[in-house]
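Visitor: Have a look at this one before I ask anything.
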Amino acid sequence: MAHFAYDDEETCLEEVRYLLTLLPSNNRENPPVVASKDPADRRCEALVDLVPVDGNRPYDMRAVIEELVDDGEFLEVHERWAGNIICALARLDGQVVGVVANQPQSLAGVLDISASEKAARFVQMCDAFNIPIVTLLDVPGFLPGVDQEHGGIIRHGAKLLYAYCNATVPRISLVLRKAYGGAYIVMDSQSIGADVTLAWPTNEIAVMGAEGAANVIFRRQIAAAEDPEAMRARMVKEYRTELMHPYYAAERGLVDDVIEPAETREVLIGALAMLRNKHADLPARKHGNPPQ
């Protein structure tokens, strides 16, 4: 039940004061905006080294968030629960934003039941208090396994899908590296209504990774080949070259733009400024009917 936990009362009170600076007084106001000394056009050259090109290598998404937000400051919510996803409040050019990001250091950043519930609750909170949402994707899919299936992973994943679809605040998503399968869809993809969708040149938006896809699509050719391993390597290379190159997503309208990592902060701030007066009306009803 606890969103935050601290070792002593002094730290707790200090962090509560900081939290209150990030929230509006009520749901009819916007979050407080402060003047930022961190330049809006600051280049983030360190991001190139922080995120490995190899999709199988882990890294700390917190370091990416720290590089992007004002003065490297953010307040993580439910930090000790569902570590494979990060939910945090921060500022971009003085404006409060909610950041939802996969954490490749934990379970490779997959979505499981707990991560889906954690992110869905956070998205709903941001929407309730007029806080724009920035989603950073590096997700290999939903966590497989009997326990997840018996626990209703699809039903819980649908909670995150519902939360994003129901949100009327500005929504910006950015694919850092890989975005596979249904997990990509529910993480605020363009198909569920994200206002601005971006990707780095290292993006891989696909149903699955090149290795898995090649094994399924070219199964017969690989089995019939004199050297199956060589044929598999060739098919994987062809699949990656033709269907997973940097601008594949943009060519098919899956993202609005492919941007350089160093320009990410400036582009995000520009997108937030463009969406500042966004207004969306939900259908007239007493309440929604979310998955349980």
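The values are calculated or read from the model by the stated rules, or taken from the named source; none is laboratory data. For clarity, every value in this text was computed on a predicted model and none was experimentally measured. Every residue, glycine among them, receives a Cβ derived from its backbone with ideal geometry; neighbour counts consider all protein chains shown. For the accessible areas, the whole protein counts, side chains as well, though only heavy atoms, and no ligand, DNA or RNA atoms are used. Shrake-Rupley method; radii C 1.70, N 1.55, O 1.52, S 1.80 Å.
Visitor: Of the residues G109, G145, G253, which exhibits the maximal mean-square fluctuation in a Gaussian network model of the chain defined by a 10 Å Cα contact cut-off?
Guide: G145
Visitor: Taking the simple approach of a point 7 Å from Cα along Cα-to-Cβ for both L19 and D281, what is their distance in nm?
Guide: 3.6
Visitor: For segment 182-292, which whole-number percentage of the solvent-accessible area (1.4 Å probe, protein heavy atoms only) is attributable to carbon and sulfur atoms?
Guide: For segment 182-292, the apolar C and S fraction of the accessible surface comes to 53 percent.
Visitor: Enter the accessible area per residue of segment 229-269 (Å², integer; probe 1.4 Å; all protein chains in place).
Guide: 56
Visitor: Can you give the FRET efficiency for R220 and Q190, using 1/(1 + (r/R0)^6), R0 = 35 Å, r = Cβ-Cβ distance, to the nearest 0.05?
Guide: 0.55
Visitor: Dipole of segment 154-207, Cα-centred, from +1 at each Lys and Arg C-beta and -1 at each Asp and Glu C-beta, to the nearest 20 debye?
Guide: 180
Visitor: Read through the labelled values (i) 16; (ii) 29; (iii) 10 and report the label of the one computed as percent of Cα pairs over 37 Å apart from the structure.
Guide: The value computed from this structure is option (i).
Visitor: Using the Cα atoms as the points, what is the convex hull volume per residue of segment 23-129 in Å³?
Guide: That works out to 98 Å³ per residue.
Visitor: With each label point set 7 Å from Cα along the Cα-Cβ vector, what nm distance links E211 and V146?
Guide: Spacing of the two 7 Å Cα→Cβ label points: 2.5 nm.
Visitor: Please report the Cα spread of segment 1-77 along all three principal axes, rounded to whole Å, starting with the longest.
Guide: Taking the Cα atoms of segment 1-77, the three principal extents are 42, 32, 24 Å.
Visitor: Taking the Cβ of Y248 as the centre, find all other residues whose Cβ is under 12 Å away and add up their charges (Lys, Arg: +1; Asp, Glu: -1).
Guide: In short, -1.
Visitor: Expressed as a whole percentage, what fraction of the accessible surface of segment 80-179 belongs to carbon and sulfur atoms when a 1.4 Å probe is rolled over the protein heavy atoms?
Guide: Carbon and sulfur atoms account for 55 percent of the accessible area of segment 80-179.
Visitor: Can you tell me which of A108, A206, A63 moves the most in a GNM of the chain? Springs connect C-alpha atoms under 10 Å apart.
Guide: Most flexible of the set in this elastic network: A63.
Visitor: Another one. Toward the positive end of the charge dipole of segment 160-292, about the Cα centre and with charges on Cβ (Lys, Arg +1; Asp, Glu -1), which of L282, I259, V216 goes farthest?
Guide: Checked the options; the winner is L282.
Visitor: Mind jotting down the three principal axis lengths of segment 177-258 based on Cα atoms? Whole angstrom, largest first.
Guide: Sorted largest first, the three principal extents are 49, 21, 17 Å.
Visitor: How much of the pair distance distribution for segment 94-192 lies past 20 Å, counting alpha-carbon pairs only, in percent?
Guide: 31
Visitor: Still on this structure, I have one more. Would you work out which of P246, I85, G145 lies farthest towards the positive end of the dipole of the chain, given +1 charges on the beta-carbon of Lys and Arg and -1 on that of Asp and Glu, about the Cα centre?
Guide: G145
Visitor: Sort M125, M61 from largest to smallest accessible area, using a 1.4 Å probe on the heavy atoms of the protein chains.
Guide: M125, M61
Visitor: Which ³J(HN,Hα) values, rounded to whole Hz and listed in residue order, are derived for segment 26-40 from phi using the Karplus coefficients 6.51, -1.76 and 1.60 in 6.51 cos²θ - 1.76 cosθ + 1.60 with θ = phi - 60°, glycine and proline given as x?
Guide: Rounded to whole hertz, the list is 7, 6, 9, 10, 8, x, x, 9, 10, 6, 9, 8, 7, x, 5.
Visitor: Build a GNM of the chain with springs between Cα atoms under 10 Å: which of V34, V69, V175 gets the top mean-square fluctuation?
Guide: Looking only at V34, V69, V175, the biggest GNM fluctuation is shown by V34.
Visitor: Something else about it: Using the heavy atoms of the protein chains and a 1.4 angstrom probe, tell me the accessible area per residue for segment 82-137 in square angstrom.
Guide: 21
Visitor: Taking the Cα centre of segment 76-229 as origin and charging only Cβ (+1 Lys, Arg; -1 Asp, Glu), how large is the dipole, in debye to the nearest 20?
Guide: 400
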